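The values are calculated or read from the model by the stated rules, or taken from the named source; none is laboratory data. All of these numbers come straight from a predicted model, not from anything done at the bench. Using ideal geometry, Cβ is built from the backbone for each residue, glycine included, and neighbour counts are taken over all protein chains shown.
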Amino acid sequence: MPDDQINTWRRRFLGTTIASVGAMQLGLSGLVRAQTAAPARPSPAGGFAQIRQIDAGALNIGYAEAGPANGPVVILLHGWPYDIHAFADVTPLLAAQGYRVIVPHLRGYGSTRFRSADTPRNGQQAVVAVDIVALMDALKIRQATFGAFDWGARTANIIAALWPERVKSMVSVSGYLIGSQQANRAPLPPKAEFAWWYQFYFATERGQAGYEANCHDFNKLIWQLASPKWNFDDATYDRSAKSFENPDHVAVVIHNYRWRLGLVQGEPQYDALEQRLAMAPDIGVPTITMEGDANGAPHPDPSAYAKKFTGKYKHRNVGGGIGHNLPQEAPKAFADAVIEADRM
């Protein structure tokens, strides 16, 4: 099917999910227990010299921090299969401008751990957003500017939609990514379905076993397919691949993709949040969306989501062979967008 027909389908598909919804409130109180660590700073090798840990909600979250402690806060959120090193070059650029930069490992990545063995290794979209709000509470951060891509962008979108008072502004790669199980039941055109091959692989027991057995090489393949013009070296990939050794990584990833297709259920305490998200709520906070010119991962056309952002809004296309991992492939463009969004 030609790309223009697929884009037309995407616009029609998104339009069917838009409806009004009543308001509700959810109180989140983070349990604060920050362990002693020096503020993280970018290392000469492009990593982070120190990682802090803090209890926040269901998790003990590992995060990097840079910049002045009293600076305006920027929270940077990675996706799958990436980690905090997607922002290794963005972080010093923002810290140099006086921002306090927080870069957390999502559940199932890096040094982030579940505080209880009894907590479900849940990957549904709402719970990842709840994690980050809990982190803000634990760090006593009232409001932040968000910069994010992939799972991280969906998470930032959700926080901006459900708790807009916590979001000063936002940079979202690939735009509006809030979804629902109901919407995901609709079949896509064959070309679009083909792009989601790994989602269907993960839906099988063979896929789960295969991902567990070959996680390192599987995720490296995703990097190559999602960013076909990014010539990253083995050292760059291996630095992030260490985060996939998290004992909960496979379970969280598999649950995330199975939940999207409605093959597994989420936790009942998040049902009300998912009902709101299923209505594709508008986002009113100042937002800049971005897209690379060589993004090989499934992503919507910018025209399909522009109207979902009802506040101050801009879109930036980034050229030069930039793929799905835009912050790591074009760190200056991404950092500049975060600064611009903060000033909108």
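Scanning the stretch 281-313 for residues that are more than 17 Å from the chain's Cα centre (by Cα) and aliphatic (A, V, I, L, M) gives Val285, Ala294, Ala304, Ala306.
Quick check: is even one residue across the stretch 240-247 on the phi < 0 side of the Ramachandran plot and touching a Gly at 6+ places or on another chain (Cβ under 7 Å)? Yes - at least one qualifying residue is present in the stretch 240-247.
Where helices (runs of 4 or more DSSP H) sit wholly within the stretch 229-332, those with at least 2 residues that are at pLDDT 95 or above and touching a His at 6+ places or on another chain (Cβ under 7 Å) occupy 234-241. Which of the residues spanning the stretch 73-109 are surrounded by 22 or more Cβ atoms within 10 Å (Cβ to Cβ), over 15 Å from the mean Cα position of the chain (by Cα) and in a loop (DSSP other than H, G, I, E, B)? The answer is Ala88, Tyr99. Within the stretch 184-222, restricting attention to residues that are assigned to a helix (DSSP H, G or I) and of a type in the set (S, T, N, Q), the residue that is farthest from the chain's Cα centre (by Cα) is Gln208. For the stretch 173-183, check the following and say yes or no: at least one residue is part of a strand (DSSP E or B) and closer than 30 Å to Val285 by Cα. Among the residues of the stretch 173-183, at least one is part of a strand (DSSP E or B) and closer than 30 Å to Val285 by Cα, which makes the answer yes. Check whether at least one residue in the stretch 251-268 is out of contact with any Lys or Arg (no Cβ under 6 Å at 6 or more places or on another chain), under 19 Å from Leu106 (Cβ atoms) and surrounded by fewer than 18 Cβ atoms within 10 Å (Cβ to Cβ), and report yes or no. For the stretch 251-268, residues out of contact with any Lys or Arg (no Cβ under 6 Å at 6 or more places or on another chain), under 19 Å from Leu106 (Cβ atoms) and surrounded by fewer than 18 Cβ atoms within 10 Å (Cβ to Cβ): present. Can you tell me which residues in the stretch 197-231 are of a type in the set (A, V, I, L, M, F, W, C) and buried (at least 16 other Cβ atoms within 10 Å of the Cβ)? Residues satisfying the conditions are Phe202, Ala203, Cys215, Phe218, Ile222, Trp223, Ala226, Trp230. Just one of (1) in contact (Cβ under 8 Å) with a residue 40 or more places away in the chain; (2) in contact with a helix residue (DSSP H, G or I) (Cβ under 8 Å, 6 or more places away or on another chain); (3) β-branched (Val, Ile, Thr) fails for Val128. It is (1).
The residues on offer are Ser169, Ser116, and the sole one that is of a type in the set (Gly, Ala, Ser), outside any helix (DSSP H, G or I) and free of Cβ contacts under 8 Å to residues at least 60 places away in the same chain is Ser116. In the condition set (1) outside any helix (DSSP H, G or I); (2) crowded, with 24+ Cβ neighbours inside 10 Å; (3) out of contact with any His (no Cβ under 7 Å at 6 or more places or on another chain), Ile132 is compliant with all but (1).
Per the listing Arg142, Arg185, the residue uniquely over 20 Å from Met279 (Cβ atoms) and not hydrophobic (A, V, I, L, M, F, W, C) is Arg142. Suppose we filter the stretch 163-218 for residues that are among the basic types (Lys, Arg) and over 27 Å from Met290 (Cβ atoms); how many remain? Residues in the stretch 163-218 being among the basic types (Lys, Arg) and over 27 Å from Met290 (Cβ atoms): 2 in total. Scanning the stretch 58-72 for residues that are part of a loop (DSSP other than H, G, I, E, B) and either over 16 Å from Ser111 (Cβ atoms) or of a type in the set (Ser, Thr, Tyr) (or both) yields Gly67, Pro68, Ala69, Asn70, Gly71, Pro72. The set of residues from the stretch 317-336 being charged (D, E, K, R) and either touching a helix residue (DSSP H, G or I) at 6+ places or on another chain (Cβ under 6 Å) or over 16 Å from Ser172 (Cβ atoms) (or both) comprises Glu329, Lys332.
Restricting the stretch 142-174 to residues that are of a type in the set (Phe, Trp, Tyr) and either out of contact with any strand residue (DSSP E or B) (no Cβ under 6 Å at 6 or more places or on another chain) or surrounded by fewer than 24 Cβ atoms within 10 Å (Cβ to Cβ) (or both), the residue that is nearest to Ala341 (Cα to Cα) is Trp163.
Being surrounded by fewer than 23 Cβ atoms within 10 Å (Cβ to Cβ), more than 19 Å from Ser169 (Cα to Cα) and in contact with a helix residue (DSSP H, G or I) (Cβ under 6 Å, 6 or more places away or on another chain) is true of Pro298. Could you give me the residue pairs with C-beta distances under 9 Å whose first residue belongs to the stretch 215-228 and is basic (Lys, Arg), whose second residue is outside any helix (DSSP H, G or I) and at pLDDT 95 or above wherever it lies, and which are 6+ apart or on separate chains? Between residues of the stretch 215-228 that are basic (Lys, Arg) and residues that are outside any helix (DSSP H, G or I) and at pLDDT 95 or above, the close pairs are Lys220/Pro81.
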